[in-house]
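All remarks here apply to the structure that follows.
The values are calculated or read from the model by the stated rules, or taken from the named source; none is laboratory data. Just so we're clear, the structure is a prediction, and the values are computed from it rather than from any experiment. Reconstructed Cβ throughout: ideal geometry from the backbone, glycine too, with neighbour counts over all protein chains shown.
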C-alpha cells in the first residue's frame, strides 16, 4: 500500500519553488560567504534570491550602483560575519529572518514588492526544527531548538487535510520537506507526532517523535519507520503504554513477519518502492514488537505480474482475505512451504 504524499509541495507552490542546488544568482554548491550559506539553507530566502535576480536583471542599468550598496549593507545590517570556517544551522536561524526583511524591503524599493504569505497555524515547535533533529548527527552537540523555533517563524506552515503541519525547506539549495501529524498527547504532557520527511532526493522517511515547545523545546525520536514503500509508517496510535503502528512493507518484509523459511524467500522483492502490504504492529515500551496482522488492499492482493515462485506461493498462501490476523500465520506458513516444495 502506498501512502499519498502530503500536499505541501502544492500548498507552498507560490513563493517556495522546488530547486536543484542553485539559487538564481549563484550556485549553492559553490557557496562560500556566510550570507550565501544562509540563503542556500532557508527556503524563503532561497525563493527571494530568485525573485531579486529577476527584478534586478530587468533594472540592471539603473539599479547597479544602489544594488552594490544594498548587497554590502544587508550583511552589515544583519550582523553576518565576513567569513566563517564552517557555517552551522544556528547561523541560518540567527540571521535568516533579518535577511528576509532586507530582501523584502529592497524588492519594495525596486517597485516589485513581494506578497508576504499569510500566517499559518500556530505550532508548539516549528516542523523545520523537528526535521533539524532528525537530520542531525546524534553524536553532535545538541541543537538550540529555541533559536530554531524563533529563527524559522518566517517560513510558512500549512495544515494538511489529515491535520498534519507541513513545511518546505532547502539544504544547500536542494528541496526538502517535512510533515508532522500530531497523533497523541503523552502522559508527561509532550505531543507525539507522526513525521514524514524528505532530505532532498533521498526518498521519503518516517518516524514517530515526542516533541514539546515552551522555553526548553525538545524533540525525541520514539520509533523509526525508515523509507520502505514511500515512507514506512502510515498511521500510528498510542494506547498507553503501547503503540499500535501500521507499516507499509515489501513482500520480503511480509515473509519475515510471517517467519517464512529464509532459504525459500530470497526471491521476494525488497526495495523502497516494492510495496506489498501493511503490517499492524504493537510496540511495547521495552521495544518488543508484536505483529498483529498483514493487511492488503485489493490492488496488492491481486495476483502479481511476472512473479517469482516465492511471490506466487506467498499470494496463494495468503489467499483472498485482505486482512490476515496473527492467529492465522501458522496456516499461512504451512501453505507457503507446501507450495514451494510441490
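Laid out as a table, the results:
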| read-out | value |
| --- | --- |
| Meets criteria (under 29 Å from the mean Cα position of the chain (by Cα), surrounded by fewer than 20 Cβ atoms within 10 Å (Cβ to Cβ), at pLDDT below 90 and over 23 Å from residue 223 (Cβ atoms)) for residue 288 | no |
| Test for residue 272: is it out of contact with any strand residue (DSSP E or B) (no Cβ under 8 Å at 6 or more places or on another chain), surrounded by fewer than 18 Cβ atoms within 10 Å (Cβ to Cβ) and either assigned to a loop (DSSP other than H, G, I, E, B) or at pLDDT 90 or above (or both) | yes |
| Residues within segment 230-262 that are in a loop (DSSP other than H, G, I, E, B), surrounded by fewer than 21 Cβ atoms within 10 Å (Cβ to Cβ) and out of contact with any helix residue (DSSP H, G or I) (no Cβ under 9 Å at 6 or more places or on another chain), tallied | 2 |
| Residue under evaluation residue 79, criteria (1) assigned to a helix (DSSP H, G or I); (2) at positive phi, criterion not met | (1) |
| Residue among 277, 293, 328 that is surrounded by 15 or more Cβ atoms within 10 Å (Cβ to Cβ), part of a strand (DSSP E or B) and free of Cβ contacts under 8 Å to residues at least 40 places away in the same chain | 293 |
| Segment 97-116, residues that are surrounded by 11 or more Cβ atoms within 10 Å (Cβ to Cβ) and part of a loop (DSSP other than H, G, I, E, B) | 110, 112, 113, 114, 116 |
| Single condition residue 216 does not satisfy, out of (1) within 30 Å of residue 317 (Cα to Cα); (2) part of a loop (DSSP other than H, G, I, E, B); (3) touching a helix residue (DSSP H, G or I) at 6+ places or on another chain (Cβ under 8 Å) | (1) |
| Qualifying residue in segment 46-53 (condition: in the same structural domain as residue 80 (by TED's automatic domain parsing), assigned to a helix (DSSP H, G or I), without any contact (Cβ under 8 Å) to a residue 40 or more places away in the chain and loosely packed, with under 13 Cβ neighbours inside 10 Å) | no |
| Boolean, residue 322 is modelled with pLDDT of 95 or more, in contact with a helix residue (DSSP H, G or I) (Cβ under 7 Å, 6 or more places away or on another chain), closer than 16 Å to residue 249 by Cα and surrounded by fewer than 17 Cβ atoms within 10 Å (Cβ to Cβ) | yes |
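Okay, residues lined up against (1) buried (at least 17 other Cβ atoms within 10 Å of the Cβ); (2) in a loop (DSSP other than H, G, I, E, B); (3) in contact with a strand residue (DSSP E or B) (Cβ under 8 Å, 6 or more places away or on another chain); (4) at pLDDT below 90:
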| residue | (1), (2), (3), (4) |
| --- | --- |
| 95 | yes, no, no, no |
| 118 | no, yes, no, yes |
| 133 | yes, no, yes, no |
| 149 | yes, no, no, no |
